[in-house]
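Any read-out appearing in this document is the output of simple, stated calculations on the displayed coordinates, not a laboratory observation. For clarity, every value in this text was computed on a predicted model and none was experimentally measured. As a convention, Cβ positions derive from the backbone with ideal geometry for all residues, glycine included, and neighbour counts pool all protein chains shown.
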Protein chains: 2
Amino acid sequence: MVRAVIDPRSGVPLYRQLAALLRARIVDGTWAPGHPLPAEPDLAAEYGLGKDTVRDALSELRAEGLIETRRGHRTRVREQVEPQLVRLRRGERVAARMPSPAERAEYDLPDGVPMLVVGDQVYPADRYVLVI
Amino acid sequence: MVRAVIDPRSGVPLYRQLAALLRARIVDGTWAPGHPLPAEPDLAAEYGLGKDTVRDALSELRAEGLIETRRGHRTRVREQVEPQLVRLRRGERVAARMPSPAERAEYDLPDGVPMLVVGDQVYPADRYVLVI
DNA sequence: GTATATTTGTACGTATGTATA
DNA sequence: TTATACATACGTACAAATATA
């Protein structure tokens, strides 16, 4: 019996169904950080989907910060780095937002990485944690 | 003399050039929060671009948290809400990351809104600021 | 209240470019 | 050099949600 992992009649967009399948393998550890995902044409062939549908699924995972895609490279599960601690002082306020293009270039940030904002200072959230 | 705002020979992807044009109008206040952007077909016609190129540009601005798109509605500059203050306690650590699909559904979050993480607690960054 | 038009979303296709292996 | 992989950019068609006449 073939298990239909992607169901066109479910009402859920195909790219979201594919994203859910891939996300599950990342969050449950089947694909550890650094592990390569199947190439886009392979995913399209395996699930009988068009190229754009596969790319939409990967785009969603990239925006969630789960994967990293680079031209010429295989798509991989994003690696985690040991966060650097930054001590906060009394009265300071902490916000978070997505980086501007200038900040993304300055810190070489992939998609899906927010910035921690403390006053005038900004810290890429993939490498900093604030402590009181 | 016509000023060529989008230059196919510049080497910069067309969708990024369009995103930069639209972003400039948002960050300089020409288009205030809540202001509608031109409809996608209008942007395509105005700049002589294909539909996908326009959508790629809007997707980038959406991921930055600058705009909000909804089917059937006009795309608009994202509204800001007065942030609610949450007081931190000594020893607590603050991180930020993108929300999971479950968190996005729970808080009805648009694209481009990170989560502030304090221990087991999570706070949508578009409506919370942490204070020491 | 219904029908129509508008608007964004989904899904497919093709071709070519750029970076890397 | 050649092949592989992701990126950009064009096209089409239809679906779904909303706004308008």
Item to check | Max mean-square fluctuation residue, GNM over chain B, Cα-Cα springs under 10 Å, options B:PRO33, B:PRO110, B:PRO83 | outcome: B:PRO83
Item to check | Computed helical MRE - 222 nm, the protein assembly as shown, DSSP H runs ≥ 4 contributing -39500 (n - 2.57), nearest 500 | outcome: -9500 deg cm²/dmol
Next on the checklist: Sort B:SER100, A:SER10 by Cβ crowding within 10 Å, fewest neighbours at the top.
Outcome noted: A:SER10, B:SER100
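Kirkwood hydrodynamic radius, region B:1-122, all distinct C-alpha pairs: what's the number in Å?
So the Kirkwood estimate lands at 16.6 Å.
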Next on the checklist: Using a 10 Å cut-off around each Cβ, can you sort B:GLU103, A:GLU64 from fewest to most neighbouring Cβ atoms?
Outcome noted: B:GLU103, A:GLU64
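Over all directions, average the projected area of the Cα convex hull of region A:1-64 and note it in nm².
Directional mean of the projected Cα hull area for region A:1-64 stands at 4.9 nm².
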Next on the checklist: Inside 10 Å of the C-beta atoms of B:59-72, what's the mean count of C-beta atoms belonging to other chains?
Outcome noted: 2
Checklist entry - Got the B:ALA105 label distances to the other copies yet, label 7 Å along Cα→Cβ, in nm, shortest first? => result 3.9
Item to check | Cα-based helix-to-principal-axis angle, A:51-63 vs chain A, degrees rounded to 10 | outcome: 30
Checklist entry - Taking a quarter of the surface of the Cα convex hull of the protein assembly as shown, what do you get in nm²? => result 17.1
Checklist entry - In which sequence would B:ASP111, A:ASP28 go, from the one with the fewest C-beta neighbours within 10 Å to the one with the most? => result A:ASP28, B:ASP111
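Scale the Cα Rg of region A:33-87 by the rule-of-thumb value 2.2 N^0.38 Å and send over the ratio, two decimals.
The value comes to 1.36.
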